[in-house]
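The values are calculated or read from the model by the stated rules, or taken from the named source; none is laboratory data. From a predicted model like this one, the values you see are computed outputs, not experimental measurements. Heavy atoms of the whole protein, side chains included, go into the accessibility calculation; ligands, DNA and RNA do not. Shrake-Rupley method; radii C 1.70, N 1.55, O 1.52, S 1.80 Å.
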Amino acid sequence: MNQQLHIQIIYLGNNKKSSQRTLRPLAIVGDRMKAYCLTRKAPRFFVIDNILAVEPVVSSRAI
């Protein structure tokens, strides 16, 4: 996984409510994705089947 890549996801949580999160993916562990959640400012695990949508975060910064 490219750990420099940030993605935005729509995630269906345990409470059956969806939320939008910005993540830095770290690893796939079984049926979960380990990621640093920039929204919550903490590492988290996300059930892959509960990720409803994914899109890359495009930086407007020049390289």
Item to check | Answer label for mean projected area of the Cα convex hull in nm² (calculated), chosen among (1) 5.5; (2) 5.2; (3) 4.6 | outcome: (3)
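In whole percent, and with a 1.4 Å probe on the protein chains, what portion of the accessible area of segment 1-43 is carbon and sulfur? Can you show the working numbers first?
Values: 1400 of 2930 Å².
Carbon plus sulfur share of accessible area: 48 percent.
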Checklist outcome for this item: For residue 24, the accessible surface traced by a 1.4 Å probe with all protein chains present amounts, in square angstrom to the nearest 10, to 80 Å²
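Can you give the accessible area per residue of segment 22-62, in Å², using a 1.4 Å probe? Display every interim value, and only then the final one.
Numbers: 2930 Å² over 41 residues.
Value for segment 22-62: 71 Å² per residue.
For the chain, what's the relative contact order in percent, using C-alpha pairs closer than 8 Å and at least 6 residues apart? Could the numbers behind the result be given before it?
Working: 118 pairs, mean separation 20.9, N = 63.
So the answer I get is 33 percent.
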